[in-house]
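Novice: Pasting in a structure now, in structure tokens, and then I'll have a few things to ask.
Quick note: the coordinates plus some simple rules give every number you see, no bench work behind them. Since the model is a prediction, treat every value here as computed from it, not as a measurement. Counting neighbours? That spans all protein chains shown, and the Cβs are built from the backbone with ideal geometry, glycine included.
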Amino acid sequence: MDLGGCIVQARFKSRSTALMAFFFSITTPLGIAGGIAISLTYNENIPTALIVEGMFNSVSAGILIYMAALVDLLAADFLGSGMQTKVGLQLRYYASLLLGIGAMSLLPKWA
């Protein structure tokens, strides 16, 4: 959704926008088709498969956290003029951020 919003906000010419929207819209179906093709020969019980799956999950979670939280949401708060001059406020914001990240990383333990 973020990429689609960026495409709209960039105000490219109609042809460029249509081409980007086309590639954006076929990304998920192609990924699903690739996943189905791989799953036909995939043995999920071998250690290598578990390691690869864990790596893919961590990379995709990291990208989601980076794009959604750090770039779009937190940048406005952390780069605001009020934050730049108040060191105590910065420390409280960073401590709260790290505490929240730590709490969210513990959730899979019970899920």
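Novice: All but one of (1) assigned to a loop (DSSP other than H, G, I, E, B); (2) aromatic (Phe, Trp, Tyr); (3) within 21 Å of residue 67 (Cβ to Cβ) hold for residue 42; state the number of the condition that does not hold.
Specialist: Single failed check for residue 42: (3).
Novice: Still on this structure: Restricting to the stretch 34-48, name every residue that is loosely packed, with under 10 Cβ neighbours inside 10 Å and hydroxyl-bearing (Ser, Thr, Tyr).
Specialist: Of everything in the stretch 34-48, those that are loosely packed, with under 10 Cβ neighbours inside 10 Å and hydroxyl-bearing (Ser, Thr, Tyr) turn out to be 39, 41, 48.
Novice: Among the listed residues 51, 63, 26, 7, identify the single one that is touching a helix residue (DSSP H, G or I) at 6+ places or on another chain (Cβ under 6 Å), in a helix (DSSP H, G or I) and either among the polar types (S, T, N, Q) or surrounded by 10 or more Cβ atoms within 10 Å (Cβ to Cβ) (or both).
Specialist: When all the criteria are applied, what remains is 7.
Novice: Sticking with this structure for a sec: From 74, 107, grab the single residue that is surrounded by 10 or more Cβ atoms within 10 Å (Cβ to Cβ), part of a helix (DSSP H, G or I) and aliphatic (A, V, I, L, M).
Specialist: 74
Novice: I've got another one for you. Please verify whether residue 69 is within 30 Å of residue 89 (Cβ to Cβ) and either touching a residue at least 12 places away in the same chain (Cβ under 8 Å) or surrounded by 11 or more Cβ atoms within 10 Å (Cβ to Cβ) (or both), treating the condition exactly as stated.
Specialist: So residue 69 passes the test.
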